[in-house]
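What follows is a single structure, written as structure tokens, with notes after it.
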Amino acid sequence: MGTAAGRIDRDKVFSALADGNRRRIIELLHERDSTLLELTGSFSISFQALSKHIRILEDARVLTKRKQGKYRVLSLNRASLKQSLEWISYYSNFWHQSFDKLENLIDRADESNK
């Protein structure tokens, strides 16, 4: 399920998503592109701490920066999140199918015990 490079990127994405502040940044960027300065009003952490979270998300390729005039605009990289969601979905389907098989097995055992 993917190349070694893909797993490394996915590891970085999952690591980046492990922090509540970074998930909140993603939620805000899902609504609209923003500058770092625009995002600061939504957090009770320092500008430096927010910058560190942005760097982690950028390193995981969850967000991108582009220069717009004198500002750097942050955008959500949906493709990065989509790859991780596909990975989760693959294993989610596996477990659902496994539980369905187990439930059928239990139902058959219950019926034969009646």
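The values are calculated or read from the model by the stated rules, or taken from the named source; none is laboratory data. All values derive from a computational prediction rather than experimental measurement. Note that each Cβ is placed from the backbone with ideal geometry, even for glycine, and that neighbours are counted across all protein chains shown.
Cβ-Cβ distances below 8 Å connect the following pairs, each with a first residue in region 64-80 that is touching a residue at least 12 places away in the same chain (Cβ under 8 Å) and closer than 17 Å to Arg24 by Cβ, a second residue that is among the hydroxyl-bearing types (Ser, Thr, Tyr) and assigned to a strand (DSSP E or B), and a separation of six or more residues or different chains: Leu74/Ser34; Leu74/Thr35; Leu74/Thr64; Ser75/Thr64; Asn77/Thr64.
Evaluation of Arg61 against the conditions (1) assigned to a loop (DSSP other than H, G, I, E, B); (2) at pLDDT 95 or above shows that the sole unmet condition is (2).
If you take the residues in region 56-77 that are among the basic types (Lys, Arg) and surrounded by 13 or more Cβ atoms within 10 Å (Cβ to Cβ), which one is farthest from Arg32 (Cα to Cα)?
Arg61
With respect to (1) at pLDDT below 90; (2) of a type in the set (Gly, Ala, Ser); (3) surrounded by 10 or more Cβ atoms within 10 Å (Cβ to Cβ), the lone exception for Ser112 is condition (3).
Listed by first and then second residue, the pairs with beta-carbon distance under 8 Å, at least 6 apart or on different chains, first residue in region 6-24 and closer than 21 Å to Leu36 by Cβ, second modelled with pLDDT of 90 or more and hydroxyl-bearing (Ser, Thr, Tyr), are Arg24/Ser42.
Is it the case that region 89-103 has a residue that's among the aliphatic types (A, V, I, L, M), surrounded by 11 or more Cβ atoms within 10 Å (Cβ to Cβ) and modelled with pLDDT under 95? Checking region 89-103: not a single residue is among the aliphatic types (A, V, I, L, M), surrounded by 11 or more Cβ atoms within 10 Å (Cβ to Cβ) and modelled with pLDDT under 95.
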